[in-house]
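Okay, so here's the structure we're looking at.
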Amino acid sequence: GSHNVVVQVSDSNGGITTQSFTLEVVNSGINQTPIVNAGVDQTISINSFTLNATATDDGLPANTTLTPFWSVQSAPTNALVTFTNANSLNTGVLVSKAGTYTLKLSVGDTELLGVDTVIITVNAPNLAPLVDVGADRTTLRLADTSLTPIVADDGLPNPPAQLSFNWSKVSGPGEVAFTHPNTKNTVA
């Protein structure tokens, strides 16, 4: 492109001479590697996200377009990574588990390849505890029934929060009392 440049020279007696000129920079004809920016490293708590990358080129070789390609450089063991469109600078990503992912963007101009990586750290979201109180029960008489559910938690937030319990009647005739309504195991 065209650049206006001013040169100013002064001596110790305060004399100043100024000269301006136009500097025309032309393409050297030597192909340069595409400049690639895969985006900013992130820490997130969801397993789907969008990558917004940029790539610039010097226009050589003539009449070519840049070709981007996303790939996985590193990921947690047995993790799956799916790109919505691995051949687009901007793509959606879905990962199968928490951990640190290094995703690589390669952009070619048919002769040279520019590469950059982005590191995405996926924190596990805090999921609700899972509870299984067992099969429905039928009794022929009024009797105490022991309730011993199986409870599983993901251990989050870290350090793990204390689980709390609350047994209550949802429907049915009559009243139900619980010996310990705020403990895991109780008798109804």
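The values are calculated or read from the model by the stated rules, or taken from the named source; none is laboratory data. What you are looking at is a predicted structure, and each value in this text was computed from that prediction instead of being measured. Don't worry about glycine lacking a Cβ; one is built from the backbone with ideal geometry, like all the others, and counts go over all protein chains shown. In case anyone asks, the SASA skips ligands and DNA or RNA and just uses the protein heavy atoms, side chains included. Shrake-Rupley method; radii C 1.70, N 1.55, O 1.52, S 1.80 Å.
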Checked region 1-16 for anything under 57 Å from the mean Cα position of the chain (by Cα) and farther than 30 Å from Asp58 by Cα; matches are Gln8, Val9, Ser10
Thr43 vs (1) in a strand (DSSP E or B); (2) free of Cβ contacts under 8 Å to residues at least 24 places away in the same chain: all pass except (2)
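For every residue, the table says whether it meets (1) under 30 Å from Gly29 (Cβ atoms); (2) open to solvent by 80 Å² or more (accessible area, probe 1.4 Å); (3) of a type outside the set (Gly, Ala, Ser).
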| site | (1), (2), (3) |
| --- | --- |
| Gly99 | no, no, no |
| Ser106 | yes, no, no |
| Ile119 | no, no, yes |
| Gln162 | no, yes, yes |
In the set Leu147, Leu113, the lone residue that is of a type outside the set (S, T, N, Q) and within 30 Å of Asn47 (Cα to Cα) is Leu113
For Leu66, state whether it is surrounded by 14 or more Cβ atoms within 10 Å (Cβ to Cβ) and over 26 Å from Asn123 (Cβ atoms).
yes
Among Asp154, Asp132, the single one that is within 26 Å of Val81 (Cα to Cα) and either in contact with a strand residue (DSSP E or B) (Cβ under 9 Å, 6 or more places away or on another chain) or modelled with pLDDT under 80 (or both) is Asp154
Checklist entry - Scanning for something assigned to a strand (DSSP E or B), of a type in the set (Asp, Glu) and exposed (fewer than 14 other Cβ atoms within 10 Å of the Cβ), does region 124-132 turn up at least one residue? => result yes
Checking Asn47, Asn37 in turn, the sole residue that is open to solvent by 30 Å² or more (accessible area, probe 1.4 Å), at pLDDT 90 or above and of a type outside the set (Ser, Thr, Tyr) turns out to be Asn37
Reported set for region 85-111 where residues are within 14 Å of the chain's Cα centre (by Cα), assigned to a loop (DSSP other than H, G, I, E, B) and of a type in the set (Ser, Thr, Tyr) is Ser96
Picked from region 69-88 (must be surrounded by 15 or more Cβ atoms within 10 Å (Cβ to Cβ) and β-branched (Val, Ile, Thr)), the residue nearest to Asn126 (Cα to Cα) is Val81
Hey, any hits in region 13-31 for a residue that's in a loop (DSSP other than H, G, I, E, B), open to solvent by 100 Å² or more (accessible area, probe 1.4 Å) and in contact (Cβ under 8 Å) with a residue 12 or more places away in the chain?
yes
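Counting only residues that are of a type in the set (A, V, I, L, M) and not in a loop (DSSP other than H, G, I, E, B), which one in region 69-84 is farthest from Thr50 (Cα to Cα)? Walk me through how you get there before you give the answer.
Here is the first cut: in region 69-84, the ones of a type in the set (A, V, I, L, M) are 72, 75, 79-81.
Then drop every residue that is not not in a loop (DSSP other than H, G, I, E, B), which leaves 72, 81.
Numbers: Val72: 15, Val81: 13 Å.
Selected residue: Val72.
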Flagged pairs (Cβ under 6 angstrom, 6 or more apart or on separate chains; first in region 159-188, within 18 Å of Ser146 (Cα to Cα) and modelled with pLDDT under 90; second basic (Lys, Arg) and loosely packed, with under 13 Cβ neighbours inside 10 Å) are Val176/Lys169
